[in-house]
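K.L.:
A single structure is presented below for examination.
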Amino acid sequence: MLSIPNHSLKLLVVGAGGREHALCWKLAQSQSVGKIYCTPGNGGTAQEAKTENLSIDSLDFPALSKFCLAEKIDLVVVGPDNPLAEGIVDALTAKGTRVFGPSRQAARLEWSKSYAKDFLVEHGIPTARHVIARSFEEGKLLIKQHDWARVVKVDGLALGKGVFVCDSEDQAEAALQEIFTTNKFGAASETVVLEEKIVGEELSLLLLCDGKRFLELESSQDHKRRFDDDQGPNTGGMGAYSPVPLYAQHREKIQKTIIAPLGLALAQGKLAYQGLLYIGIIVGKTASDDTTIPRVLEFNARFGDPEAQAILPRLKSDLLPALWATTEGKLDEVELSWAEQPSCCVVAVTKTYPEKSAKGDEIQLTKLPENCAIFHSGTQNVNGKLVTAGGRILSVTALGLDRQSAAQRAYQALAGIKFDQMDYRRDIARERSICR
Ligand code: GLY
């Protein structure tokens, strides 16, 4: 039996975005949770039930560890990629603190795209063809030799800005030039993955993994481009909805060709993973393969943002036992139940996002319609006022009888929120055929 200590648990959530606010919001509803610290958190987590913000840097592992030991933190939940890539889980668990999240080595599936590609190829999981470049000259030669290599990806973490989807050799060369000759991405771009382009529709599948087995969360779909109709630059995500009909249509194939080989890798000890594994899947075709099949685009080692904000409001079960069981290797003792109603999450940003952030403009909120939740990202409380502090300001998630009514309700809620230069996409959760 899954045994959770019989007292009011103390948690620490690491991160500052909408995903972390959604995690605090959901965990605060657990009867087992007494107190949540969030570091650094935002203006929304500061006001969430049971939650208090801290100002410990998420990369200052000695300070985090000291706090966890002094406060007897029962569980740390890590939101963003950076601390995972830097080894937060290894550092805190070494001192005896329980942490939800993968080790640095396991998180490599996210922080090294070339490592993830090798893993996919080794385990026979469908993905786009690729070659590796370690210099501008090598990359230039490879895009000339391989007329299919038109997606240029920096190997390391790049805040969602390290992928260039190109249509021609010239565009791919310009991307290589930007990557190798400016120092924009630092060490993250010493290696570059050149991939074949897949044209199709994406979905995000988030799995809890306890080292032995997976427990699937409901599917969702992000909208990464800045403007309506999937135009403009890639962003951290402008909205999401859940569940995704595309997943139901391809479930069998996804299970057989993606999840089953991952399960085998776990069983054979070739994947040592505890935490959340996010699989970015595209269902589509390549120039050389006209069959529409699901392929893995990427792995992330954490909850997605804004996928977490779309999914968690649909979760009827307590999240805490699921995270706890993940750290204990006991996910077989957990069942999750989900609301039938679809959700739609719309992210409100400033007009200048993703180029420029805003700071200090007052945000006015009104009462939300029923079945809506608001999750803050770039907000702060200053002298009793809620103000902007970033480019992505907040997101609103609504549940509805169907996807369209969920979206309608989310937009109705956004109409009651005001801040200077407020903007958001008007087409989240609308039918779309191609998103890459
Ligand atoms: N929504 C994409 C991500 O979290 O990386």
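K.L.:
Tally the residues that are out of contact with any strand residue (DSSP E or B) (no Cβ under 7 Å at 6 or more places or on another chain) and either in contact (Cβ under 8 Å) with a residue 60 or more places away in the chain or within 16 Å of the ligand (Cβ to nearest atom) (or both), restricting the search to segment 329-342. Reasoning before the result, please.
P.N.:
Just the residues of segment 329-342 that are out of contact with any strand residue (DSSP E or B) (no Cβ under 7 Å at 6 or more places or on another chain), to begin with: 332-333, 335, 337, 340.
Checking the rest, the ones that are also either in contact (Cβ under 8 Å) with a residue 60 or more places away in the chain or within 16 Å of the ligand (Cβ to nearest atom) (or both) come to 332-333.
Adding up the residues that qualify gives 2.
K.L.:
In addition: Mind checking whether some residue in segment 93-103 is surrounded by fewer than 19 Cβ atoms within 10 Å (Cβ to Cβ), closer than 30 Å to residue 328 by Cβ and either within 16 Å of the ligand (Cβ to nearest atom) or among the basic types (Lys, Arg) (or both)?
P.N.:
First, the residues of segment 93-103 that are surrounded by fewer than 19 Cβ atoms within 10 Å (Cβ to Cβ): 93-96, 98.
In the following step, the residues that additionally are closer than 30 Å to residue 328 by Cβ were identified as 93-96, 98.
Narrowing further to those that are either within 16 Å of the ligand (Cβ to nearest atom) or among the basic types (Lys, Arg) (or both): 95, 98.
Yes: segment 93-103 contains one or more residues that are surrounded by fewer than 19 Cβ atoms within 10 Å (Cβ to Cβ), closer than 30 Å to residue 328 by Cβ and either within 16 Å of the ligand (Cβ to nearest atom) or among the basic types (Lys, Arg) (or both).
Quick grid of which residues meet (1) more than 25 Å from the chain's Cα centre (by Cα); (2) outside any strand (DSSP E or B); (3) surrounded by 17 or more Cβ atoms within 10 Å (Cβ to Cβ):
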| site | (1), (2), (3) |
| --- | --- |
| 142 | yes, yes, yes |
| 147 | yes, yes, no |
| 158 | no, yes, yes |
| 171 | yes, yes, no |
| 179 | no, yes, yes |
| 206 | no, no, yes |
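K.L.:
If you check residue 405 against the conditions, is it assigned to a helix (DSSP H, G or I) and under 24 Å from residue 219 (Cα atoms)? Break it down stepwise before answering.
P.N.:
Numbers: assigned to a helix (DSSP H, G or I): yes; under 24 Å from residue 219 (Cα atoms): yes.
Answer is yes for this residue.
K.L.:
Could you tell me which residue of segment 136-192 is farthest from residue 114 (Cα to Cα), considering only residues that are free of Cβ contacts under 8 Å to residues at least 12 places away in the same chain and among the aliphatic types (A, V, I, L, M)?
P.N.:
So the residue we want is 174.
K.L.:
OK, next. Note down all Cβ pairs under 6 Å where the first residue falls in segment 74-93 and is part of a loop (DSSP other than H, G, I, E, B), the second is more than 16 Å from the ligand (Cβ to nearest atom), and they're at least six residues apart or on different chains.
P.N.:
Close Cβ pairs (under 6 Å, with a partner that is more than 16 Å from the ligand (Cβ to nearest atom)) amount to 74/9; 74/10; 87/104.
For (1) under 14 Å from residue 141 (Cα atoms); (2) in contact with a Phe, Trp or Tyr (Cβ under 6 Å, 6 or more places away or on another chain); (3) more than 16 Å from the ligand (Cβ to nearest atom), each residue gets a yes or a no:
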{"site": "154", "(1), (2), (3)": "no, yes, no"}
{"site": "161", "(1), (2), (3)": "no, no, no"}
{"site": "166", "(1), (2), (3)": "no, no, yes"}
{"site": "170", "(1), (2), (3)": "yes, no, yes"}
{"site": "181", "(1), (2), (3)": "no, no, yes"}
{"site": "186", "(1), (2), (3)": "no, no, yes"}
{"site": "194", "(1), (2), (3)": "yes, no, yes"}
{"site": "200", "(1), (2), (3)": "no, no, yes"}
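K.L.:
Would you mention how many residues in segment 55-73 are touching a residue at least 40 places away in the same chain (Cβ under 8 Å) and more than 22 Å from the chain's Cα centre (by Cα)?
P.N.:
Of the residues in that region, 6 qualify.
K.L.:
Within segment 217-270, track down each residue that is within 30 Å of residue 356 (Cα to Cα), in contact (Cβ under 8 Å) with a residue 24 or more places away in the chain and away from the ligand (no atom under 16 Å from the Cβ).
P.N.:
Hits for segment 217-270 are 227, 228, 229.
K.L.:
Further question on the same structure: Report yes if some residue within segment 56-76 is aliphatic (A, V, I, L, M), at pLDDT 95 or above and closer than 30 Å to residue 179 by Cα; otherwise report no. Let's see the steps before the verdict.
P.N.:
Let us first name the residues in segment 56-76 that are aliphatic (A, V, I, L, M), namely 56, 59, 63-64, 69-70, 73, 75-76.
Imposing the further condition that a residue be at pLDDT 95 or above reduces the set to 56, 59, 63-64, 69-70, 73, 75-76.
Then drop every residue that is not closer than 30 Å to residue 179 by Cα, which leaves 59.
The answer is yes; a qualifying residue exists.
K.L.:
Pairs please, first residue from segment 306-321 and farther than 22 Å from residue 347 by Cβ, second anywhere and part of a loop (DSSP other than H, G, I, E, B) and of a type in the set (Gly, Ala, Ser), Cβ atoms under 7 Å, 6+ apart in sequence or on different chains.
P.N.:
316/337; 316/339; 317/337; 318/30; 320/30; 320/32
K.L.:
Could I ask something else about it? Here are the criteria: (1) more than 16 Å from the ligand (Cβ to nearest atom); (2) of a type in the set (Phe, Trp, Tyr); (3) crowded, with 20+ Cβ neighbours inside 10 Å; (4) within 28 Å of residue 403 (Cβ to Cβ). Tell me which single one residue 273 does not satisfy.
P.N.:
Of (1) more than 16 Å from the ligand (Cβ to nearest atom); (2) of a type in the set (Phe, Trp, Tyr); (3) crowded, with 20+ Cβ neighbours inside 10 Å; (4) within 28 Å of residue 403 (Cβ to Cβ), only one is false for residue 273: (4).
K.L.:
It is to be established whether one or more residues within segment 217-240 are within 23 Å of residue 118 (Cβ to Cβ), of a type outside the set (Lys, Arg) and either in contact with a strand residue (DSSP E or B) (Cβ under 8 Å, 6 or more places away or on another chain) or part of a loop (DSSP other than H, G, I, E, B) (or both). If you could, list the steps in order and put the result at the bottom.
P.N.:
Residues of segment 217-240 that are within 23 Å of residue 118 (Cβ to Cβ), as a first pass: none.
No, segment 217-240 has no match at all.
K.L.:
Collect the residues in segment 1-16 that are out of contact with any Pro (no Cβ under 7 Å at 6 or more places or on another chain) and either closer than 20 Å to residue 374 by Cβ or within 16 Å of the ligand (Cβ to nearest atom) (or both), keeping them in residue-number order. Let's see the steps before the verdict.
P.N.:
Filtering segment 1-16 for residues out of contact with any Pro (no Cβ under 7 Å at 6 or more places or on another chain) gives 1, 3, 5-13.
13, the sole residue that qualifies.
K.L.:
Hey, another quick one. Is it the case that residue 131 is in contact with a Lys or Arg (Cβ under 6 Å, 6 or more places away or on another chain), touching a residue at least 12 places away in the same chain (Cβ under 8 Å) and either assigned to a strand (DSSP E or B) or within 24 Å of residue 269 (Cβ to Cβ) (or both)? Spell out the reasoning first.
P.N.:
Values: in contact with a Lys or Arg (Cβ under 6 Å, 6 or more places away or on another chain): no; touching a residue at least 12 places away in the same chain (Cβ under 8 Å): yes; either assigned to a strand (DSSP E or B) or within 24 Å of residue 269 (Cβ to Cβ) (or both): yes.
When the stated conditions are applied, residue 131 does not pass them.
K.L.:
Limited to segment 412-436, what total is found for residues that are buried (at least 16 other Cβ atoms within 10 Å of the Cβ) and either at pLDDT below 95 or under 16 Å from residue 247 (Cα atoms) (or both)?
P.N.:
Counting residues in segment 412-436 that are buried (at least 16 other Cβ atoms within 10 Å of the Cβ) and either at pLDDT below 95 or under 16 Å from residue 247 (Cα atoms) (or both) gives 3.
K.L.:
Can you find, within segment 278-327, the residue that is surrounded by the most Cβ atoms within 10 Å (Cβ to Cβ) among those that are within 14 Å of the ligand (Cβ to nearest atom) and among the polar types (S, T, N, Q)?
P.N.:
Once the filter is applied, the top-ranked residue is 309.
K.L.:
Residue under question is residue 339, and the condition is that it be among the hydrophobic types (A, V, I, L, M, F, W, C) and either surrounded by fewer than 16 Cβ atoms within 10 Å (Cβ to Cβ) or at pLDDT below 95 (or both); does it hold? Give the steps one after another, and end with the answer.
P.N.:
Values: among the hydrophobic types (A, V, I, L, M, F, W, C): yes; either surrounded by fewer than 16 Cβ atoms within 10 Å (Cβ to Cβ) or at pLDDT below 95 (or both): yes.
When the stated conditions are applied, residue 339 passes them.
The values are calculated or read from the model by the stated rules, or taken from the named source; none is laboratory data. No experiment lies behind these values; they were computed from the predicted model shown. Reconstructed Cβ throughout: ideal geometry from the backbone, glycine too, with neighbour counts over all protein chains shown.
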